[in-house]
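Here the structure comes first, spelled out in structure tokens, and everything after it is commentary.
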Amino acid sequence: MKTKFLIILIICIKVCGYSQAVDADTIIDTFVSARSQPFEIGFTFASVNARNEIMFSNPDEPCLELLNGILFRYKFNKLSLRINFSFNEKQSSKNPMDIADYQFGKSECKSFKIGAGLQWTPLIKKELIYLFLDCNYKSRNENSEIVNIVASYYTFQTIHSKAEGLDMVGGLGTKLRIYKNFYFSMEGGFNQFFGINKKKTIQVSTPKSSTQIVPYRFDTILLRFYLSLTF
């Protein structure tokens with residue numbers, strides 16, 4: 001009788017130990033990482049902006065940007081951490097026939113964003129649909145040379161403007177496997193910028209110059225396309 005009792009007791013202890021191990025493994029799988037490759041790095045091969053505003057000759061956000069950014073993601077369970085960086089450079093010019101107020105010239109614009117955000121998906125192992133929110137620091141610099149024609153008089157100006165502030169992007173995304181650890185992602189959302197624009201105008205023909213510092217706001221609807229690798 002004592003021997004049977006000892007055997008039953010040993011079996012119970014082993015079953016309880018196995019159950020606790022399983023529970024521990026489940027907790028680790030759920031809260032630490034839902035996949036064996038939580039790291040991901042992606043490249044923005046295209047960005048499309050639905051709405052543009054013109055400072056002088058360049059839109060604040062170009063209609064189409066190619067190979068302009070990097071996205072890093074780390075996945076916990078349903079929640080992911082995002083870190084992103086993007087850069088854009090554009091040169092443009094306007095001829096007298098392009099506009100009616102007889103103002104023309106050339107311009108060069110450079111802008112970059114860097115920031116972090118969060119991403120949430122309703123499914124742990126699948127990221128077919130997810131929500132995201134990014135908060136970035138944005139800086140935009142533009143140098144322009146402008147010729148104004150009034151009657152038979154010409155005036156030459158150079159304009160240096162710098163806008164910087166908080167750039168926020170929130171929306172919906174989807175992620176599809178291409179091959180093994182390679183993925184395609186598409187994100188669409190609302191982009192809003194709040195900041196300050198400092199504009200300095202110099203009259204080339206005279207030594208006069210003026211500086212303006214004004215609040216600046218810009219918003220647009222955008223689409224972004226990524227190719228990424230998990231590891």
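Within the range 44-55, take every residue that is part of a loop (DSSP other than H, G, I, E, B) and surrounded by fewer than 19 Cβ atoms within 10 Å (Cβ to Cβ) and give me the one that is modelled with the highest pLDDT. Before you say what the answer is, go through the steps one by one.
From the range 44-55, those part of a loop (DSSP other than H, G, I, E, B) are 50-53, 55; that's our starting set.
Applying the additional criterion that residues be surrounded by fewer than 19 Cβ atoms within 10 Å (Cβ to Cβ) yields 50-53.
On the way: A50: 85, R51: 74, N52: 68, E53: 63.
Checking each candidate, the answer is A50.
Each residue in the range 190-206 was checked for being open to solvent by 20 Å² or more (accessible area, probe 1.4 Å), at pLDDT below 95 and of a type in the set (A, V, I, L, M, F, W, C), and 4 of them qualify. Contact map, the range 203-222: first residue of a type in the set (K, R), second residue in a strand (DSSP E or B) and modelled with pLDDT of 80 or more, Cβ cut-off under 6 Å, separation 6 or more or different chains; pairs are R217/F194. The single condition from (1) more than 24 Å from T121 (Cα to Cα); (2) surrounded by 13 or more Cβ atoms within 10 Å (Cβ to Cβ) that S209 fails is (2).
Residue count for the range 112-129, restricted to those that are buried (at least 21 other Cβ atoms within 10 Å of the Cβ) and more than 13 Å from the chain's Cα centre (by Cα): 2.
Scanning the range 59-78 for residues that are open to solvent by 70 Å² or more (accessible area, probe 1.4 Å) and either in contact (Cβ under 8 Å) with a residue 24 or more places away in the chain or under 13 Å from the mean Cα position of the chain (by Cα) (or both) gives L67, I70, F76, K78. Of the residues that sit in the range 137-189 and are closer than 29 Å to S107 by Cβ and without any contact (Cβ under 8 Å) to a residue 24 or more places away in the chain, which one is surrounded by the most Cβ atoms within 10 Å (Cβ to Cβ)? For the range 137-189, the residue satisfying everything is Y154. A single member of R224, R217 is charged (D, E, K, R), surrounded by fewer than 13 Cβ atoms within 10 Å (Cβ to Cβ) and under 18 Å from P62 (Cα atoms), and it is R217.
The values are calculated or read from the model by the stated rules, or taken from the named source; none is laboratory data. All values derive from a computational prediction rather than experimental measurement. Note: ideal-geometry Cβ built from the backbone for every residue, glycine included; neighbour counts use all protein chains shown. The area values use the complete protein model at the heavy-atom level, side chains included, leaving out ligands, DNA and RNA. Shrake-Rupley method; radii C 1.70, N 1.55, O 1.52, S 1.80 Å.
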